[in-house]
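Structure first, commentary second.
Nothing in this text is a laboratory measurement; each read-out follows from the coordinates by a stated rule. As the structure is a computational prediction, the values presented were derived from the model and not from experiment. Virtual Cβ from ideal backbone geometry, glycine too; neighbours counted across all protein chains shown.
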Amino acid sequence: MYLRRDRALTAVSIMLDVAFHAGRSGVVSGADIARRGDMLRRGIEPVLQGLSRAGLLASVRGPKGGYRLGRPPRTITLNEIVRTVTEDPEMQEEGTNLLRAKVLEPFWQQMDQEVSEKMASVTLEHLLQNAEEAGMQRPSRAPISFSI
């Protein structure tokens, strides 16, 4: 696999987990996100903070706190999520390596642009539809009625 699987995949996984389990109305805890994603809580905390600072997640404080989407899933693209948590993808120029400067860097930038364009066309809503098509059921957010 050519795409990096660290922060970018973690961020998309977190956003999909929140969209799937909480949406915009419910809240999921960081501990639940980590448990379902088989990740360490302390390992995902910087990613959660970055997504919150960017407005992609809304952080809710308190004993019943956690995270919910900052915007509707149809407006959040994978490209936006990935760009929020990754460093500058530009390669640092090192010396006067002409092969790198004239061949490798332009090629790498072209590939990055193609991946960015594809990821900009995919939203969290698309991934939620894929989950439903795969037979996954989202948790119900209907209130419990105690009337008899």
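Tally Lys/Arg at +1 and Asp/Glu at -1 over every other residue whose Cβ is under 13 Å from the Cβ of Q129; what's the total? Don't jump to the answer; show the numbers that get you there.
Numbers: positive: R74, R138; negative: E125, E132, E133.
Overall, the nearby charge balance is -1.
With r as the distance between the Cβ atoms of E45 and S140 and R0 = 41 Å, compute the FRET efficiency 1/(1 + (r/R0)^6) and round to 0.05.
Values: r = 29 Å, r/R0 = 0.70.
The value I calculate is 0.90.
Would you please give the residues with an amide H less than 5 Å from that of T77, counting only those at least 5 places away or on a separate chain, with H modeled from the backbone geometry?
Residues meeting the amide H criterion: none.
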